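Quick note: the coordinates plus some simple rules give every number you see, no bench work behind them. No experiment lies behind these values; they were computed from the predicted model shown. Please note: Cβ atoms are built from the backbone with ideal geometry, for glycine as well, and neighbour counts cover all protein chains shown.
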Number of protein chains: 2
Amino acid sequence: MAISERKKKILTAVVEEYIRTAEPVGSKAIAQIGSLKCSPATIRNELAELVSMGYLAQPHTSAGRVPTPMGYRLYVNELMDRQRLSEEEAEDLNRRLNQRLQDLDDSIGGVSRLASQLTDYPALALTRQAAVSAQRFDLIYVDANTFIIVITLSSNVARSKLVRLPISVDQELVQRLGTLFNASFTGKREEEITPLLIHSTERAADDTAGITAVITAFLLEQLHEAAEPATFLSGENMLLSQPEFRDPDKAHRLMSYLSEGGHILPPSAAAAGTDEVRVFIGPENVAEELKDSSVIVASFDAGDGTRGLIGVVGPTRMDYSAVAAKLSFLAAGLSRRLGGGEAPPEGMHNKLIIKEPDNSHE
Amino acid sequence: MAISERKKKILTAVVEEYIRTAEPVGSKAIAQIGSLKCSPATIRNELAELVSMGYLAQPHTSAGRVPTPMGYRLYVNELMDRQRLSEEEAEDLNRRLNQRLQDLDDSIGGVSRLASQLTDYPALALTRQAAVSAQRFDLIYVDANTFIIVITLSSNVARSKLVRLPISVDQELVQRLGTLFNASFTGKREEEITPLLIHSTERAADDTAGITAVITAFLLEQLHEAAEPATFLSGENMLLSQPEFRDPDKAHRLMSYLSEGGHILPPSAAAAGTDEVRVFIGPENVAEELKDSSVIVASFDAGDGTRGLIGVVGPTRMDYSAVAAKLSFLAAGLSRRLGGGEAPPEGMHNKLIIKEPDNSHE
DNA sequence: GTTGGCACTCTTTGCTTTCGAGTGCTAATA
DNA sequence: TATTAGCACTCGAAAGCAAAGAGTGCCAAC
């Protein structure tokens, strides 16, 4: 059955009122909202139909209506205003973003904090490198017992470590090792660095002191760490201010799940195109723990093939419109600052596409 | 009035039972615990006296007794067993500690996570450097538009950054800048790097492209960051499993306070001697938000004049004994691995001194 | 000094009642 | 035919109340 214009208006009113108040909304309240010029009775009839169509639900016979996940979905896809931030908001956000952003890697935590402060929901941020390898090795001789390893990764981040040795080395050895590592390990991804390769390098180095082992260990550690999607979560406490989490057990369950850092995002989220906002409503989430929460994610280009995601978690009764706008703006700002390639002009809002998750398997 | 042996036993029983059950404990329960061979009636008399002495309180006339902060204080100072970890626990902990620990700086967050998992309370870890300065600069020429800054700090941590320039530089310039920076900025603390010094270096560099500015900015940023006490908080969600935080508002208030990262520790905590455990019970905390929680902190030596603290936050009804033992062990382990100087033999428990905070100002 | 006994207090729990918001239905109306 | 007013009905939330139970304080006896 097609859904009439008036039904859409009513559904919108229910969703927005429910988002605002967290209370089931009744026919009278909708009539008063305006934008509809008909009586509560008429609205009641429409509401009854919306219930039978599956967009709304009643907690119990004599209560107002509450949107179902399906209702939210329709709202998100078709009904809601695509909010844009006001000039001041945009400016403020840009300023804060600039403050945080020197090097993504250090500030990915800062980004998630920012997202959380901005939206008043717990937020997470993560990056996933495409394929990381070492681009270049520099070994700096400091003194007889000390040298510094600097590994420049393909993502153009330099990682360094100061190594103190129990034995002494000379400048020549350090330099020779540097050349050797540049020859053997540059461009290699983590899985390409086989024990065999390590072993042969070790022999070639003619290094009895085990210094090569230290370097390869550091290399592997850095590659591993860089390849590992770095996840940050902040603002967990925001959950507690939501009435749906007044039940401490429920709150605890979700918070534990979140802080385990695990599979918060549905796999398909990672596949999202840049600057596109995705919304996962209640049961659309794969993780059992998220079945009655919603997740909104935006994806951004962190440069050099690295993909980043920022998202927030909240009750299904979330302010989708506002949150999506903010995340979209944030993601666009990040892409602009971090991403290579064509930067959209500063200050311009990027388009806000909201994609529905792929549910073909259901 | 002096406190009799029997009163001590009874107080101990009340505290431990209350820690276990979170319910006010009655005379009958104490009698059944054993270790006292007298009737509930006798115990009631003693309890009444303990109440009038201020060690215990009654939530209401017909309820059992609950320890007051003063009661906990006595318990912590004199009565509780100084637990030591069992062999297996110690071994497990050591293993996990080794896993986490390569470089304190990266893993301070890991340490707090470990403390939280270990104790089932929210945990925080922080380090405070004594006075950080740059020990050495290395500028590595990569290509005409790129070079790497490596700053080795006095704390023996190397920090690096890959710099891309809009203009091109030659190897000679990079090298010259390196020498210049080594001459001008090594050994300088953040506050010693005045605009004047920066300016004169800039002039000496004969650098029209503003490369010195990039380097000084990075230097200042790193010094600032290193001097800033790095705080990490984890396991906030553990709070919610404590019955005293079943009230979502209360939980929210404390969690917000904690996640702001602020002044969790009383100032005196920072002054604690290494490997010493301090306990701050309820109102002993200076922060208003912590007035009915307890904080346990252990201090460790992170090497090179850096002091670290690990601590947990929980309700006053905390398992002081177990937590103190674990933190003490953890701190000792960290000191051993990170601290310079005399390392106590591996696997040995360090002594567990529990210091009372200095309350002379009250 | 210790103990058993007992009346008393105060919370907790469960039940019943009341109240009200909101519904669904029907009949009247534009 | 679509809308509206009216009204009886439902069901949860809040309030009130009684019974139960845990624990105390005190007294008198040991």
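Grab the Cα-Cα distance for residue B:52 and residue B:188, subtract it from 0.36 nm times how many residues apart they are, and report the gain in nm with one decimal. The partial results should precede the final answer.
On the way: separation 136, 0.36 × 136 = 48.96 nm, distance 5.89 nm.
Length gained, residue B:52 through residue B:188: 43.1 nm.
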Give me a comma-separated list of calculated 3J(HN,Hα) values for the range B:147-159, in order, Karplus coefficients 6.51, -1.76, 1.60 applied at θ = phi - 60°, integers in Hz, x for any Gly or Pro.
8, 10, 9, 10, 10, 9, 7, 4, 7, 6, 10, 9, 10
Give me a single rounded figure for B:132-142: the average over its residues of other chain Cβ atoms within 10 Å of their Cβ.
2
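Could you order peptides A:237-249, A:86-98, B:169-181 by the average number of other Cβ atoms within 10 Å of their residues, highest first? Write out the running numbers ahead of the final one.
Values: A:237-249: 18.5, A:86-98: 13.5, B:169-181: 16.8.
Result, highest mean first: A:237-249, B:169-181, A:86-98.
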Once amide hydrogens are built 1.01 Å from N within the peptide plane, the residues lying 5 or more places from residue A:57 or on another chain with amide H under 5 Å from its amide H are A:66, A:68
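Quick one: dipole size for chain A, taken about the Cα centre, charges +1 on Lys/Arg Cβ and -1 on Asp/Glu Cβ, in debye to the nearest 20.
Details: 37 positive and 49 negative charges, 241 e Å.
For chain A, the charge dipole is close to 1160 debye.
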FRET efficiency (residue B:213, residue B:256; Cβ distance; R0 51 Å; to 0.05) is 0.85
Can you list, shortest first and in nm, the gaps between the label point of residue B:209 and those of its counterparts in the other copies, using a point 7 Å from Cα in the C-beta direction?
3.5
With a ≥ b ≥ c the root eigenvalues of the C-alpha gyration tensor of the range A:5-79, is it rounded (a/c under 1.5), prolate (a/b larger than b/c) or oblate?
rounded
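I'd like the mean, over residues of B:234-240, of how many other protein chain beta carbons sit within 10 Å of each residue's own Cβ. Spell out each step's value before the answer.
Values: counts 1, 3, 5, 13, 4, 5, 13.
What the average comes to for B:234-240 is 6.
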Taking the Cα-to-Cβ direction at residue A:8 and at residue A:99 and moving 7 Å from each Cα, how far apart do the two end points lie in nm?
4.1
For residue B:225 and residue B:143, compute 0.36 nm times the residue count separating them, minus their Cα-Cα distance, and round to one decimal in nm.
26.7 nm
Using alpha-carbon coordinates, inclination of helix B:104-119 to the longest axis of chain B, degrees
10
Chain A: which residue's Cβ hugs the A-to-B rotation axis most tightly, distance rounded to whole Å?
A:160, 2
Filter the cross-link list A:291/B:250; B:9/B:326; A:250/B:28 down to pairs whose alpha-carbon distance in this structure exceeds 30 Å.
A:250/B:28
Taking amide H atoms as placed 1.01 Å from N in the peptide plane, list the residues 5 or more away in sequence, or in a different chain, whose amide H sits under 5 Å from that of residue A:276.
A:299
Note on the range A:1-157: the mean projected area of its alpha-carbon convex hull, in nm², is 15.8
Report the calculated FRET efficiency for residue A:286 and residue A:92 (r = Cβ-Cβ distance, R0 = 41 Å), to the nearest 0.05.
0.70
Tell me the mean residue ellipticity at 222 nm calculated for chain A from its helices only (DSSP H runs of n ≥ 4, each -39500 (n - 2.57), averaged over every residue, nearest 500).
-13000 deg cm²/dmol
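Sort B:109-122, A:279-292 by the packing proxy (mean of other Cβ within 10 Å over each peptide's residues), most packed first.
Order by mean packing, descending: B:109-122, A:279-292.
Please compute one quarter of the surface area of the Cα convex hull for chain A and express it in square nanometres. If you can, show how the numbers build up before the last one.
Details: hull surface 90.9 nm².
Spelled out: convex hull of the Cα atoms, projected over all directions, averaged, 22.7 nm².
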Inter-chain shielding of A:248-255 (mean C-beta neighbours from other protein chains, 10 Å cut-off)
5
Report, largest value first, the span of the C-alpha coordinates of the range B:134-227 along each principal axis, in whole Å.
33, 26, 19
Taking a label point 7 Å out from Cα toward Cβ, give me the nm distances from residue A:34 to the same spot in the other copies, shortest first, one decimal.
7.5
Output needed for the protein assembly as shown: three equivalent-ellipsoid semi-axes, defined as square roots of 5 times the C-alpha gyration tensor eigenvalues, in descending order, whole Å.
47, 43, 22
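Provide the packing ranking of A:75-82, B:209-216, B:63-70, i.e. peptides ordered by the mean count of other C-beta atoms within 10 Å per residue, highest first. Could the numbers behind the result be given before it?
Details: A:75-82: 16.0, B:209-216: 18.4, B:63-70: 20.4.
Result, highest mean Cβ count within 10 Å first: B:63-70, B:209-216, A:75-82.
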